[in-house]
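Worksheet: one structure, shown below.
The values are calculated or read from the model by the stated rules, or taken from the named source; none is laboratory data. These numbers come from a predicted model, not from an experiment. Note that we place each Cβ from the backbone using ideal geometry, even for glycine, and neighbour counts take in every protein chain shown. We work out accessible area using only protein heavy atoms, side chains counted, and drop any ligands, DNA or RNA first. Shrake-Rupley method; radii C 1.70, N 1.55, O 1.52, S 1.80 Å.
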Amino acid sequence: MCKRYYLLYMLILGGLLGSCSKFNDDINVDPNKPSTASNPQLLTYAISGLASTIESPNGVLYAQQLSEKPYTDASRYTIISFDFYDLYTAYLANLQSILASRTFADVEGSPANQQAVSRILRAYYYWFMTDRWGDIPYKEALQGKDNFTPRYDKQQDIYTDLFKELKEAALQIDNGTPVKGDILFGGDMVKWKRFANSMRVLMALRLSKIDPAKGKTELNDAMTMGGFTGNADNVVYKHIAEAANENYWYNVFSVLNRRWYCISQPMVDFMRPLRDPRLPVFADKPDRAGVDYVGMPYGITGDKAQNFPSDSVSYLGARIRAQDAPSYVMTYAQLLFAYAEAARIGWIPGGDGTAAGYYQQAVTASVSQWTGSENGAATYLAQPGVSYDPANALRQIGYQRWVHLYMNGYEAWAEWRRTGFPLLQPAPDNGNVPIPRRQGYPVKERNINTAHYNDAVNAQPGLNGRDDLNGRVWWDR
């Protein structure tokens, strides 16, 4: 009897289980975990990753725009290996999915525009990555289960392909439906085109020491195609006043209540004597009454950092660490500084006259970007030491670029490596370890992608077989 009831129970259970597949409803589907995503959703998420390329403590510490307090390990270069997996598996993978689409819904953007935007954004991520690590997986990357161990491409080859990608993508943009899901430019395809051309200018200048002929050609071609025309074209990641999309530095200071980062002494020592109108935005005055802006010494030990009371130094400015504070990915002033340098070194015509004009426009655009007004820019530019001087022009451009790139640390660090400006000293309490010139590959690569990891470390002349912070990327000569 028991056996008969058992068999009946199993038949009923089997019927019920089998019937689940016959009903077309969402009872067994989590609506918060969709199995597929539209191209606009993929694009939105890929754009959201831009914040992480800007809001990183390590970049601003390497460039000595900020100093740590009280924990000073990062500014004394104790971290060697840095992970790049999220960049591949999240943001780049999303863009690859868009580019691999076999059909495009025109309502989501014309096929050409969807592809062009994805190519431009993908180029930005790869440029950002190769300038941090050097040789990285590129041609064989993003193949998923078809290739878990991609080979590394040489940075020179990556640059060559990115120049091609950016030019082709800019030309690919058409007059069709603008892309949807664009939280960067709101579907303004002209701004995407200017972004691509401006990026190519900045990339071209990276070659000033290693391949000036190639750099000059690419820069002039990109200028002809048209870059940013004003601060309205700035590539800005806009945070909002909610926890899901707040600025990283707000989270550090206000949510976690970690007052660990101050404006650096090198930055304040340069800006304060010149009465730089950007300094009140960059930093707050110390809480101690009557004290002017004070930069925190850079790279000292934690014990020494304790000797500086919290009310005696300047922390990040309130506007910089607001919940909805924007992050500047790429800017008009940045492009103008590139034009100024290009004129000074003879890549574009006009010599010092043209260089001076671009330099003055760059400083003015920077003051306007950071303060909301050009007020004070003319007076600032008229000062000795700031007023364009042909004999010291490259130094002036380098220092002003460094100030302008405040909080965009990885870009400021890259320009320091390329130009040598500003003149920075290594962390004093770290046994004369030099300022890093690159970052080490993820530790997991040694085990997951061993052969290609070893090839990359041994093949790069700047590394000499050592995956450390002191080897130099291809263009850093």
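Overview of results
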read-out: Per-selection Rg to Rh, the range 75-114 - Cα, Kirkwood hydrodynamic radius; value: 1.32
read-out: Segments 137-146, 360-369 sorted - mean Cβ within 10 Å per residue, highest first; value: 360-369, 137-146
read-out: For ASP467, solvent-accessible area (1.4 Å; no DNA, RNA or ligand), Å²; value: 20
read-out: Sequence-distant residues sharing a close amide H with GLY299 (under 5 Å, placed H); value: GLU68
read-out: Cβ-placed point charges (K, R +1; D, E -1), dipole of the chain about Cα centre in debye, nearest 20; value: 500
read-out: Rg over Rh, two decimals, the chain (C-alpha only, Kirkwood Rh); value: 1.04
read-out: Portion, in percent, of the accessible area of the chain that falls on carbon or sulfur, probe 1.4 Å; value: 53
read-out: Dipole-positive endmost among SER387, ASN231, ILE158 within the chain (Cβ charges, Cα centre); value: ILE158
read-out: All aspartates and glutamates inside 13 Å of LYS216 as judged from Cα atoms, apart from same-chain residues fewer than 8 positions distant; value: GLU341
read-out: Given charges at beta-carbon only (K, R positive; D, E negative), |dipole| of the range 235-330 in Debye; value: 120
read-out: Antiparallel bridge percentage (DSSP; both residues within the chain; nearest 5); value: 85
read-out: Calculated [θ] (222 nm, deg cm²/dmol) that DSSP helices of n ≥ 4 give over the chain, each run adding -39,500 (n - 2.57); value: -13500 deg cm²/dmol
read-out: Descending principal axes extents, the range 92-132, alpha-carbon based, whole Å; value: 37, 15, 10
read-out: Partners for LYS180 among lysines (Cα-Cα distance below 28 Å; same-chain residues under 8 apart left out); value: LYS33, LYS139, LYS164, LYS167, LYS191, LYS193, LYS238
read-out: Residue-normalised accessible area of the chain, given per residue in Å² at a 1.4 Å probe; value: 44
read-out: In order through the range 412-420: 3J(HN,Hα) via Karplus (6.51 cos²θ - 1.76 cosθ + 1.60), integer Hz, x for Gly, Pro; value: 4, 5, 4, 5, 5, 4, 6, 9, x
read-out: Volume per residue that the Cα convex hull of the range 118-251 spans, once the total is divided by residue count, Å³; value: 165
read-out: For the range 307-323, 3J(HN,Hα) per residue [Karplus equation, 6.51 cos²θ - 1.76 cosθ + 1.60, θ = phi - 60°, Hz, x = Gly/Pro]; value: 6, 10, x, 4, 8, 10, 10, 9, 8, 3, x, 4, 6, 5, 10, 6, 4
read-out: Amide H contacts of VAL236 (H built 1.01 Å from N, under 5 Å, at least 5 apart or other chain); value: VAL329
read-out: Furthest towards positive pole of dipole, PHE282, GLY465, THR130, structure part the chain, Cβ charges; value: GLY465
read-out: For the range 238-341, convex hull volume per residue from C-alpha positions, Å³; value: 135
